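Below you'll find the structure, written out as structure tokens, and then a few comments.
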Amino acid sequence: MFKLKILLLLVFANFTFSQNELALIPKPSEVKFSEGNFVLNKKTVIHADENSFEAKYLQRVIKEKTGLELKISSITKSKSKIYLGKTFDSNRESYSLTIDKYDVNIISNSYKGQFYGIQTFLQLIPSEKKESINLSCLNISDQPKYAWRGMHLDCSRHFFPKDFVKKYIDYLAMYKFNTFHWHLTDDQGWRIEIKKYPKLTEIGAWRNGSMIGRYDDKKFDDKRYGGFYTQEEIKEIIAYATERYITIVPEIEMPGHAIAALAAYPEYSCTGGPFEVGKIWGVYDDVFCPKDETFTFLENILTEVIDLFPSEYIHIGGDECPKTRWKVCPHCQKRMKDENLKDEHELQSYFIQRIEKFVNSKGRKIIGWDEILEGGLAPNAAVMSWRGTEGGIAAAKQKHFVVMSPGSHCYFDHYQVADPKNEPIAIGGFTSVEKVYSFNPTPKELSPEEAKYILGAQANVWSEYILSPEHIEYMIFPRMVALSEVLWGTSNSENYLDFKNRLVQHFKIYDKKGINYSKAILK
Ligand SMILES: [Zn+2]
């Protein structure tokens, strides 16, 4: 009886262990187990170029997780190796990870793929101080489905310091996201230093009070609030993201959500101001006036932005632009007459097309919120569909690239539980982990040909009600993790329980790392 008990315990321990091993998120496309174990211990050598970022990253995270300090060497006779290999140069994101008795081989034809292989391997290693770790032999071959795997962060409504932005980028890297949409300007604060227009940050980055509590309470404090990123800090963040194969897409809002900029430079509005940086959340009637001087101003700003950010896409906002001022502004009305525009929606389209021409002339493309469809889409623009998926469907049918980000599944400023009375105040809505996991970025309405225009999806993290980095973590963990598997293309909403079982094991990592996450799925 005693022996049987021991045997059962052993079997159970083994079973738990292999369950742990399979807690990979996003789930790889293909996993095959084979006989035997690889033993990771202090004798294991990382077989790679000593200067390789990837090798050093692997070395650092293994040390953080287990305490083991592995050597990196380009020439090694060690019998226990983790080999990082690159076969030839390409931009492909695929990789293979093979664990044999004596070797781990992480092979890709790009450093990016190699980095994803490293992320998968790291998830196989338990976060506990140990001198020797057994890893089951296996073979994984893996690649993502979607090219745009994004997370957004609003740093205007509340400002998040440089070090947290880097942490955020690390979180994205852990789950193989490749795009960080950085919302840098809005009514409540301009957050990017522009050398030619210093008042944008001297004045535009600071507001004299913020809303407190719920919007309907209409209560404010009178504290000066703000902050901005210098160009040096932005370069540092871009370099940090680039090492982790994450493209930062900066967003400079126009023609709406512009009060912070207009508080600094009221001459580019319809009325001439004066204005103050927004204290109230929402949409403001005062927006950029489409006169020539305004275009010069915005083009000079975009020139500095493009010089900083290497991304293919520059996000120009384009959402929530009331036409109130334009309807009565002599400049706007004259522009409409001169350009033969039949209404203010066409004027908005004119605005975006003119900016697009400029951005294209610099070798880049624009992406904007789905309102840029109104009055006619700019010829090369990509569309970010946030008011449902309809805008994205319309754009794909017009052969424009689309990033899906519908409020229903991708707004992480929503509540994550049905009854939010014990939750911190959120903007509203209800988007559970399960809901995120059920998302399909490619709508059924599209033909296979049209579906090719769906680049992928992203979640948006608007920060009106999110004041601290810890609260941002709470809103993204673990919903972001569910989205990572959707974007990798291996989610199956009928198998949510399988995902949930793997996810719960990741909570141990968050506990170790001190990440503040929502435990809503455990209730
Ligand atoms: Zn005007």
3J(HN,Hα) from dihedral phi, region 72-77, Karplus parametrisation 6.51/-1.76/1.60, rounded to Hz, x for glycine, proline: 9, 8, 7, 10, 8, 10
Tilt relative to the chain, helix 162-174 - C-alpha long axis, 0 to 90 degrees, to 10: 50
In sequence order, calculated HN-Hα J values of region 26-31 (Karplus, 6.51, -1.76, 1.60; Hz; x Gly/Pro): x, 4, x, 5, 8, 10
FRET efficiency for D307 and N51, using Cβ-Cβ distance with R0 set to 35 Å, rounded to 0.05: 0.80
Taking the C-alpha atoms of the chain, convex hull volume expressed per residue in Å³: 166
Region 153-220: trypsin sites (Lys or Arg not before Pro) falling in loop per DSSP and having at most 16 other Cβ within 10 Å: K195, K196, R214, K218
log10 of Debye I(q)/I(0), alpha-carbon scatterers only, for region 112-175 at 0.15, 0.30 Å⁻¹: -0.71, -1.36
Cα radius of gyration and Dmax for region 320-375 (Å): 12.1, 36
Extension gain, E346 back to Q398 (0.36 nm per residue minus Cα-Cα distance, nm): 16.9 nm
Rg [Å, one decimal], Dmax [Å, integer] - region 401-510, C-alpha atoms: 14.7, 46
Percent of C-alpha pairs per 10 Å bin, region 90-207, short to long: 12, 29, 25, 18, 12, 5, 0
Label-point separation in nm, K195 to K71, each point 7 Å along Cα→Cβ: 4.7
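First compute the accessible area of the chain with a 1.4 Å probe, then give the percent of it belonging to carbon and sulfur atoms.
About 53 percent, which is the carbon plus sulfur part of the accessible surface.
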Region 23-85 - percent relative contact order, Cα under 8 Å, separation 6 or more: 41
Rough spin-label spacing in nm, given labels placed 7 Å along Cα→Cβ, for S132 and D163: 3.9
Gain upon complete extension [K519, T230; 0.36 nm per residue less C-alpha separation]: 100.4 nm
Contour excess over end-to-end distance, with Cα ends at K334 and K32 and 0.36 nm allotted per residue: 102.0 nm
For region 469-523 versus region 101-119, the gap between their alpha-carbon centres in whole angstrom: 24
0 to 90° range, to nearest 10: angle between helix 231-243 axis and the chain longest Cα axis: 40
Per residue accessible area of region 23-179, 1.4 Å probe, in Å²: 42
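Taking the square root of 5 times each eigenvalue of the Cα gyration tensor, what semi-axes in Å does the equivalent ellipsoid of region 147-303 have, largest first? Intermediate values should be presented prior to the final figure.
Numbers: eigenvalues 147, 77, 37 Å².
With the √(5λ) rule applied to region 147-303, the semi-axes are 27, 20, 14 Å.
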Descending principal axes extents, region 459-501, alpha-carbon based, whole Å: 35, 19, 12
Column: log10 I(q)/I(0), Debye, Cα scatterers of region 288-364, q = 0.21, 0.27 Å⁻¹: -0.96, -1.33
Reference-scaled alpha-carbon Rg (2.2 N^0.38 Å with N residues) for region 199-271: 1.43
Stokes-Einstein diffusion coefficient of region 257-333, Kirkwood radius over Cα pairs, 37 °C, 0.692 mPa s, in µm²/s: 243
Shape box of region 406-446 [Cα atoms, principal axes, largest first, Å]: 40, 17, 11
Relative contact order of the chain, pairs being alpha-carbon contacts under 8 Å that are 6 or more residues apart, as %: 13
Average accessible area per residue (Å²) across region 263-323 - probe 1.4 Å, nucleic acids and ligands excluded: 32
Residues in region 308-326 reached by a label modelled at A239 [backbone nitrogen below 16 Å; 7 Å Cα→Cβ]: 308-310
Solvent exposure of region 344-482 as accessible area per residue, Å², 1.4 Å probe: 37
Of K65/K519; K77/K101; K199/K327; K365/K452; K63/K129; K63/K130, those spanning more than 20 Å from alpha-carbon to alpha-carbon: K65/K519; K199/K327
Directionally averaged projected area (convex hull, Cα atoms, region 298-424), nm²: 10.5
Cys with no candidate disulfide partner in the chain (beta-carbon separation under 4.7 Å rule): C137, C155, C321, C410
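Quickly estimate the mean residue ellipticity at 222 nm for the chain, helices only: each DSSP H run with n ≥ 4 gives -39500 (n - 2.57), and the total goes over all residues, rounded to 500. Don't jump to the answer; show the numbers that get you there.
Values: 18 runs with 190 residues, N = 523.
So the helix-based figure for the chain works out to -11000 deg cm²/dmol.
The values are calculated or read from the model by the stated rules, or taken from the named source; none is laboratory data. Since the model is a prediction, treat every value here as computed from it, not as a measurement. When we count neighbours, we look across all protein chains shown, and the Cβ atoms used for this are built from the backbone with ideal geometry, even at glycine. These accessible areas exclude ligands, DNA and RNA; they are computed on the full protein's heavy atoms, side chains included. Shrake-Rupley method; radii C 1.70, N 1.55, O 1.52, S 1.80 Å.
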